[in-house]
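Scroll down for the structure; my scribbles are underneath it.
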Amino acid sequence: MNKYYALVTGGSRGIGRAICQKLYRMGYEVLINYVSNTAAAEETLASLDGHGELLRFDVADADAVKAAIEGWQAAHPDDYIEVLVNNAGIRKDNLLIWMEPGEWKSVLDTSLNGFFNVTHAVIQPMLLHKYGRIVNVASLSGLKGLPGQTNYSAAKGGLIAATKALAQEVARKKVTVNAVAPGFIHTDMVEGLDEATLKKDIPAARFGDPEEVAALVGFLASRDASYITGEVISINGGLYS
Ligand code: NAP
């Protein structure tokens with residue numbers, strides 16, 4: 001029986017872990033990418049009942065991405081990655097006036113250049129097989145822009161625009177490209193935020209859970225979502241649309 005493979009960048013923790021688990025439940029063998037937290041990545045792997053493998057690389061490092069994907073492909077000559085979830089991301093918040101060039105660059109390198117590096121490495125087999133699903137994890141910040149996050153907002157806004165452009169390039173080959181734009185979701189990334197104050201502005205009056213984002217990503221990654229492409233879907237409890 002053929003195996004179907006999905007790659008989730010930043011799959012070790014948070015939203016990425018929940019997406020790995022969702023795709024596993026949908027029948028995928030899941031390639032769990034991460035950059036440094038091996039213990040967390042192994043926890044994700046253990047939750048997939050033997051239907052995953054770890055693929056460690058820094059999405060911002062184009063050579064490392066290429067080497068990892070080519071290595072995987074050489075070991076699996078009859079298979080291809082048919083679902084890619086570009087989820088890896090970091091935030092380094094600061095007002096622009098105080099922002100260090102490194103804070104700007106590292107956030108763009110991870111979310112936006114990471115999208116290019118990984119997508120570039122996996123898209124060709126999707127086109128050849130005339131089937132693929134790419135889901136990009138953007139953010140409310142990429143739609144609205146949030147103060148203190150010019151770097152992150154630019155990265156996620158760029159990711160949304162790239163989603164729309166790439167979707168039009170590959171639609172004829174039955175490859176869909178969509179983005180999700182979460183609001184505040186309970187993960188390590190929002191640790192330290194003042195949840196009690198922030199949730200007063202959220203119509204649903206709470207932060208979301210990673211599993212709620214994973215359910216949306218799972219749908220966009222499914223065969224059922226075949227006529228949705230170039231979309232960005234907000235998932236934010238009504239905070240912004
Ligand atoms: P998280 O808990 O901080 O997890 C981040 C994940 O990204 C980890 O698996 C981390 O790997 C990985 N990662 C970071 N830099 C990487 C790199 N250079 N190469 C490969 N992997 C890298 O974050 P999260 O909240 O789940 O966020 C996931 C995505 O959702 C991000 O793109 C984030 O911007 C977006 N998002 C989050 C929220 C929210 O409220 N949480 C809202 C909107 C959008 P290690 O474990 O190895 O460090």
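The values are calculated or read from the model by the stated rules, or taken from the named source; none is laboratory data. Note that the structure is predicted; figures quoted are calculated from it, not measured. No Cβ is skipped: glycine too gets one built from the backbone with ideal geometry, and neighbour counts run over all protein chains shown. Side chains included, ligands, DNA and RNA excluded: accessible areas come from the protein's heavy atoms. Shrake-Rupley method; radii C 1.70, N 1.55, O 1.52, S 1.80 Å.
Does the stretch 33-43 include one or more residues that are more than 6 Å from the ligand (Cβ to nearest atom) and of a type in the set (Phe, Trp, Tyr)? No: the stretch 33-43 contains no residue that is more than 6 Å from the ligand (Cβ to nearest atom) and of a type in the set (Phe, Trp, Tyr). Cβ separations smaller than 9 Å between residues 6+ apart or across chains give the following pairs from the stretch 55-66 residues that are over 15 Å from ILE32 (Cα atoms) to residues that are exposed (fewer than 15 other Cβ atoms within 10 Å of the Cβ) and of a type outside the set (Val, Ile, Thr): ALA62/HIS120; LYS66/HIS120. For the stretch 1-21, filtered to residues that are of a type in the set (S, T, N, Q) and either open to solvent by less than 40 Å² (accessible area, probe 1.4 Å) or touching a strand residue (DSSP E or B) at 6+ places or on another chain (Cβ under 9 Å) (or both), the residue that is nearest to the ligand (Cβ to nearest atom) is SER12. Each residue in the stretch 159-196 was checked for being open to solvent by less than 70 Å² (accessible area, probe 1.4 Å) and without any contact (Cβ under 8 Å) to a residue 60 or more places away in the chain, and 19 pass.
GLN124: modelled with pLDDT of 95 or more, more than 16 Å from the chain's Cα centre (by Cα), within 13 Å of the ligand (Cβ to nearest atom) and on the phi < 0 side of the Ramachandran plot, yes or no? Spelling it out, it is not the case that GLN124 is modelled with pLDDT of 95 or more, more than 16 Å from the chain's Cα centre (by Cα), within 13 Å of the ligand (Cβ to nearest atom) and on the phi < 0 side of the Ramachandran plot.
Of all residues in the stretch 129-151, those being more than 14 Å from the ligand (Cβ to nearest atom) and open to solvent by 20 Å² or more (accessible area, probe 1.4 Å) number 5.
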